[in-house]
Amino acid sequence: MIICIGNALVDSLTQIEEPKINELSLNKARMTLVDKERSNFLLQNMENPIYEAGGSAANTAYWISQLGGEVGFIGKISNDELGNQFQSSLRDSGLKDFTVYEEEDYQTGLCAIFITPDGERTMNTYLGAGEYLSVNDLNVDSIKDANILYMEGYLWDKPSSKEAFLHAAKLNKETGGMNAISLSDVFCVDMHRESFKDFIKSDIDYVFCNEDELNSLFELNNIDESIENFLNLFPNIKQLICTLGSKGVMIIEEGLPYHFDATEANVVDKTGAGDFFAGGYLYGLQKNLSLVDSAEIANRSAAHVISEIGVRPKNEFN
């Protein structure tokens, strides 16, 4: 089984014109953490939003389940309408639900996503109950049974959730599993650069990132130099999986680079592109597919989700 750990969020998505980015003081194409007041303000400025269960690792888990993989999700919600909506979505998708309730009076996390005509998604995340995940919230049996544990970097901010990651990774290693992490966003890397490096060095087998995140990890602006630095610092990593947008993906395995072209797509909304890519690739790992086949499924998965609004595609995957 693959176990994904991350923020349990409900996404609220709307399409806007470019000038609205400045009008609302949005940080275009990035993820920005916001408080509840700012989140409510942004929601009031969304016209006819679409609501869907989201969160990076939850999206990845959802897509693995749709491909036919065996997967579970661990996250934290409140016992409110948004939490119930999130939990129903998990169960309806067929994956194993290991979410827990936060006892304090926090709202379930919400991500306000603004989509511009170029397909870029600008995310504004109120983490709510999700950021309070702790060691005590982990489903230990599922982690012990996991072949792969996948963790999203977005959940690295709070000491309690960081401790949960470290504990889960150690536990999974002790029972013969592999650990994977997504660096998630440049914002996350800038905040946690050194602790990310320490975590990767001690407990991680697979690193998922994009070009900007890898450059940020080493404070460079050259992907070739960043890859070289990565290999020097982390010689024991099984694979580095670095997406390059429309240029495809670079996978480094045992020091050797493999490049795969992106699948052509009609870009409508880039929300979830990295999440679905990771889902497709992890599914390939679970099924013991070749690196070539895993990369192909991953690229097709990313192309699939960005061809329509939201992270629960209605069109058939092919």
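Couple of notes before you dig in:
- Reported value for region 111-266: 131 Å³ per residue, from the convex hull of its C-alpha atoms.
- Magnitude of the charge dipole, the chain, Cβ model with Lys/Arg +1 and Asp/Glu -1, debye to 20: 420 debye
- Rounded if a/c under 1.5, otherwise prolate or oblate - region 208-289, Cα gyration tensor axes: oblate
- Calculated P(r) tail over 34 Å for the chain, as whole % of Cα pairs: 14 percent
- Highest GNM mean-square fluctuation among Val189, Val34, Val292, for the chain modelled with Cα contacts below 10 Å: Val292.
- Protection proxy ranking for 16-28, 234-246, 111-123, using the average of other Cβ atoms within 10 Å per residue and placing the highest first: 111-123, 234-246, 16-28.
- Percentage relative contact order, region 243-318, counting C-alpha pairs under 8 Å, at least six apart: 32 percent
- Here the label points at Tyr51 and Arg193, each 7 Å from Cα along the C-beta direction, are separated by 4.0 nm in the simple model.
- The orientation-averaged shadow of the Cα convex hull for region 38-142, equal to a quarter of the hull surface, comes to 7.7 nm².
- Spin-label model distance (nm) - Ser307 vs Asp105, 7 Å beyond Cα toward Cβ: 4.8 nm
- Computed lengthening from Leu43 to Lys158, 0.36 nm per intervening residue step minus Cα-Cα distance: 38.9 nm
- If you take the Cα centroid of region 81-97 and the Cα centroid of region 260-289, the two points sit 22 Å apart.
Values in this text are rule-based calculations from the coordinates and carry no lab data. Computed from a predicted structure; not experimentally measured. Cβ atoms come from the backbone with ideal geometry, glycine included; neighbour counts cover every protein chain shown.
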